[in-house]
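Following: one structure in structure tokens, then a few remarks.
The values are calculated or read from the model by the stated rules, or taken from the named source; none is laboratory data. All values reported here derive from a predicted model rather than from experimental measurement. All Cβ positions, glycine included, derive from the backbone under ideal geometry; neighbour counts span all protein chains shown. Just the protein is used for accessible areas: all its heavy atoms, side chains included, with ligands, DNA and RNA removed. Shrake-Rupley method; radii C 1.70, N 1.55, O 1.52, S 1.80 Å.
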Amino acid sequence: AQSVSQHNHHVILSEAASLELGCNYSYGGTVNLFWYVQYPGQHLQLLLKYFSGDPLVKGIKGFEAEFIKSKFSFNLRKPSVQWSDTAEYFCAVKPRTDKLIFGTGTRLQVFP
Amino acid sequence: EAGVTQSPTHLIKTRGQQVTLRCSPISGHTSVYWYQQALGLGLQFLLWYDEGEERNRGNFPPRFSGRQFPNYSSELNVNALELEDSALYLCASSPGLAGANNEQFFGPGTRLTVL
């Protein structure tokens, strides 16, 4: 069965620290990849997406993710986090003509 | 442009009751998706409608059902509510099957509490 694994359930960082959130998926075919973010009290919104082309994808608010096909991974990175990045982050995978499959999410807390 | 809207925002029901949740997609979007976000379980896919037809269904019992109307809005119905149905129910829309590379846009959700 298709699945998405997010290894870090809860991450606590100080401001200016670097961030990397892991995401691995299990599906052998072509997929579209997404990272969504849910800020406290707000609805889910798209952070970045990969469909094809350059495997290094830039998103909003300084986030980026790298698709490594051989590792079935799509890790999210940010060189220097801010307090306002405190949120829950969801990795999602979509086989081309199928439903979106989400990971269980990573809760990020950034302290000033 | 208005985003995805959902109603009601909050709902409290008791075990055994039935509930109907509503979703209006972004104008021009034909696909509507329903997800359940229960505490600690992430987002679980429930249903996908496009052009009025059910396209895919997640691993949920038949008491979870829905439909999509000609104006592309959608309802999610849950019968015989159980305590574990307490969750945030999210609706998302996308431009539909015409483009395979379609991202989904999410609504604010309906918080259902079953007592």
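Per-structure values
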item: Qualifying positions in the stretch A:66-95 - open to solvent by less than 80 Å² (accessible area, probe 1.4 Å) and charged (D, E, K, R); result: A:Glu66, A:Arg77, A:Lys78, A:Asp85, A:Glu88, A:Lys94
item: Residues located in the stretch B:17-55, provided they are closer than 17 Å to B:Thr113 by Cβ and of a type in the set (S, T, N, Q); result: B:Gln17, B:Gln18, B:Thr20, B:Gln36, B:Gln37
item: Filter result for B:Arg55 (in contact with an Asp or Glu (Cβ under 7 Å, 6 or more places away or on another chain), basic (Lys, Arg) and surrounded by 13 or more Cβ atoms within 10 Å (Cβ to Cβ)); result: no
item: Hits in the stretch B:40-52 (condition: open to solvent by less than 40 Å² (accessible area, probe 1.4 Å) and free of Cβ contacts under 8 Å to residues at least 12 places away in the same chain); result: B:Gly42
item: Those residues of the stretch A:84-112 which are part of a loop (DSSP other than H, G, I, E, B) and away from chain B (no Cβ under 12 Å), in sequence order; result: A:Thr86, A:Pro112
item: Test result for A:Tyr39, surrounded by 16 or more Cβ atoms within 10 Å (Cβ to Cβ) and of a type outside the set (A, V, I, L, M, F, W, C); result: no
item: Condition broken by A:Tyr27, with the remaining ones in (1) modelled with pLDDT of 95 or more; (2) open to solvent by 40 Å² or more (accessible area, probe 1.4 Å); (3) among the aromatic types (Phe, Trp, Tyr) satisfied; result: (1)
item: Looking only at the stretch A:1-17, and only at residues there that are open to solvent by 50 Å² or more (accessible area, probe 1.4 Å) and out of contact with any strand residue (DSSP E or B) (no Cβ under 7 Å at 6 or more places or on another chain), the one that is nearest to the other protein chains (Cβ to nearest Cβ); result: A:Ala1
